[in-house]
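To start, the structure under review is shown below, and the notes come after it.
Each reported figure results from applying straightforward, stated rules to the coordinates on display, with no laboratory input. Remember, predicted model here, so these are calculated numbers, not experimental data. Neighbour counts run over all protein chains shown; Cβ positions are idealised from the backbone, glycine included.
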Amino acid sequence: MPLQYRNRKDDLYTVFQGTTKTGKPRYYVSKSDYSDAGDPVEELPDDFEVFESPANGSVSVRRRKPTRILATERELIAQLVLKLTDYSVEHTIIDGDNIVVYAPDRAPLAAMESIAKVFGLSKNLFDFSPANIQFSAVLKFTLLPNGQGSKAGQRVFLTQRFCFRGSVDDWMEIGKPGTLERLAKQFIPTLGTDDFYEQF
């Protein structure tokens, strides 16, 4: 069976292997189950992965990035985003030694549903599906090298928020390094509020 991937928009992709101009393997995806440029594969080499962009759901094949982040650390952040904010959906990924939180560009879904209720509008007028929402990277937790910023052996993280000002458009460090849970509980509740953008 060919390797396939279904993204959050319910689009089904098939993974293919072609070759570069120098004869090296090249992996890519297509919504079609046939490609003139390559053949479908049943699995990818260990150093490749199918990647879905949290921002817009686009799908590609990329090389795996080495990481020291634990799956349980990413899960902790994802759970706290849903628990401590008004967001009904989120995308939290591991990117190298970073945990990156993507939040909806639109108003939180709970707030949109409340607006519909207040004005007597049918919720059917709104499509609350994550498939139709754009997401932006807003918060990042970076695992520092062992021993940096604390007692040796303790896992210490640095927190950054994305600055959307036209003159900056880059990550900005906020707060002081600390444990992941402490930083998460300090900064995640400010997501989607004015307080989040006032932090330096």
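Quick look at the numbers
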| item | result |
| --- | --- |
| Highest average packing first - 35-41, 184-190, 138-144, 48-54, Cβ atoms within 10 Å | 138-144, 184-190, 48-54, 35-41 |
| Cut-off 15 Å between beta-carbons: net charge of the residues surrounding V15, Lys and Arg +1, Asp and Glu -1 | -3 |
| Linear extension gain, K185 paired with C163, 0.36 nm per residue minus alpha-carbon span | 5.9 nm |
| Inter-site label distance for Q154 and R63 at 7 Å from Cα along Cβ, in nm | 3.5 nm |
| Counting all C-alpha pairs of segment 40-87, share separated by more than 15 Å (%) | 66 percent |
| Length gained when the stretch D170-A131 is fully extended (0.36 nm per residue, less Cα-Cα span) | 11.4 nm |
| Relative contact order computed over segment 1-92 (Cα-Cα under 8 Å; 6+ residues apart), in percent | 21 percent |
| Built amide H within the under 5 Å cut-off of S136, gap 5+ | A103, D105 |
| FRET efficiency estimate (nearest 0.05) - Cβ-Cβ, D36 to L82, R0 45 angstrom | 0.55 |
| Neighbourhood charge, 13 Å Cβ-Cβ cut-off, centred on F157 and excluding it, Lys, Arg +1 and Asp, Glu -1 | +3 |
